[in-house]
Each structure stands twice: as C-alpha cells, then as structure tokens.
Amino acid sequence: MSSTRQDPPPSTIEVREIDYDSPCYRVVMGFRDRILRQPLGLRLTEEDTASENSDRHFVISSNGSICGGVIARPETAARSRLRQMWIEPDVENRGLGRLLLSRVLQILRQDHIHEVTLHARAPVLGFYEKCGFHPVGEPFEEVGIPHRMMIRSISPETRSPGDHR
C-alpha cells in the first residue's frame, strides 16, 4: 500500500469589516485584551471601548478563523487614525499584518480618506516604515511603553511600498 503525501489545501484569507458590539466584535475584544493589553499588565475594559461605536473595525481571517484586526478611527473627513492593530502570535511573520494593512488602506482610500496616522509601538516601527508610513515628532509613552506617531498619505496619486493595488 503506497501512501501519497498531499499538500494541505491553500488557506483562504479574508479581510472584512465587522460591526461594533456584534458577537464578532466581542470575540475580537478578547483577542485585543490577550495580545495587546495583558502582556503590559493591563486589561481592556468596556470603558476603553465605549468610544469605538463610530470607529471602523476590520479583521483578517484564515480559513474562517480570525487571526488579526485593526480599528480605523475617523479624525477628519479625509484622515483616519489606525489603532489597536494585532496579529495572533502563532501566525506572525506570514504576511498577514501587511495584507490586513494593505486592504484596510485600500478601503479607506475608496472612502475618500487621504491620510492615515497611527501610534506605533517601538518594536514595530520598521514594519510600518516598510508599509510606507513615516515617523513624525518625538517618541512618547503610551500605555507605559515607547511609541512613535507615524503618518502615510493614501491619496489616489500616491503609492508606497507594501501598497498592492
């Protein structure tokens, strides 16, 4: 009897927007708490998320399982700030963060957003720079750790590395 090794089927990757306070949003809150807050000795509370009802919430899924997410908070009619981006640690370094960011920027661009800002934790500055973001201002502390404000133009006439239009 011969056995033939079969490659696993290719994974299905999906980026989608979810509704605030939906069952999926509540699941994502658990991920955000575990991945972003608990390692800092903090907890994500309902008070922390109370102002998120006007934000846009995005997730990336692989084979139907949520493995990352990010929030886009409107700042002006043409600018949004990305917040709380996370990828499940066991699937980091597989391009999912870059894909999530690229697709969210495409969606924001289609919705007439021309500029995106974010507060990057120091260890991931290089990731955001590779994705076309530029640091502005001086480093600062947020949730007890060093951050840097970063900015990127996403107006239709600009393209940056990591932009897969």
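So what is the calculated 222 nm ellipticity per residue for the chain, using -39500 (n - 2.57) for each DSSP H run with n of 4 or more, over all residues, to the nearest 500 deg cm²/dmol? Mind showing how you got there, number by number?
On the way: 4 runs with 35 residues, N = 165.
Rounded to the nearest 500, the figure is -6000 deg cm²/dmol.
Could you work out the local net charge near ILE60, counting Lys and Arg as +1, Asp and Glu as -1, over the other residues with Cβ closer than 9 Å to its Cβ?
Values: positive: ARG16, ARG103; negative: GLU14.
For residues surrounding ILE60, the net value is +1.
Name all residues of the stretch 83-114 having a backbone nitrogen under 20 Å from the label point set 7 Å from the Cα of SER22 along its Cα→Cβ direction, giving them as ranges. Flagged as within label range: 83-88, 100-111. Is the shape of the stretch 92-152 best called rounded, prolate or oblate, per the rule: a/c under 1.5 gives rounded, else a/b larger than b/c gives prolate, else oblate, with a ≥ b ≥ c the square roots of the Cα gyration tensor eigenvalues? Taking the square roots of the gyration eigenvalues as a ≥ b ≥ c, the stretch 92-152 is oblate.
Can you pull the Kirkwood radius for the chain, inverse mean 1/r over Cα pairs, to one decimal in Å?
Details: mean 1/r = 0.0591 Å⁻¹.
Averaging 1/r across every pair of different Cα atoms and inverting gives 16.9 Å.
Highest GNM mean-square fluctuation among ASP48, ASP19, ASP111, for the chain modelled with Cα contacts below 10 Å: ASP48. Between beta-carbons, use under 11 Å as the cut-off and find the net charge around ARG37, counting Lys and Arg +1, Asp and Glu -1. Neighbour charge sum, excluding ARG37 itself: +1.
Each value in this text was obtained by applying a stated rule to the coordinates, not by laboratory testing. Values in this document were obtained by computation on a predicted structure and should not be read as measured data. Note: ideal-geometry Cβ built from the backbone for every residue, glycine included; neighbour counts use all protein chains shown.
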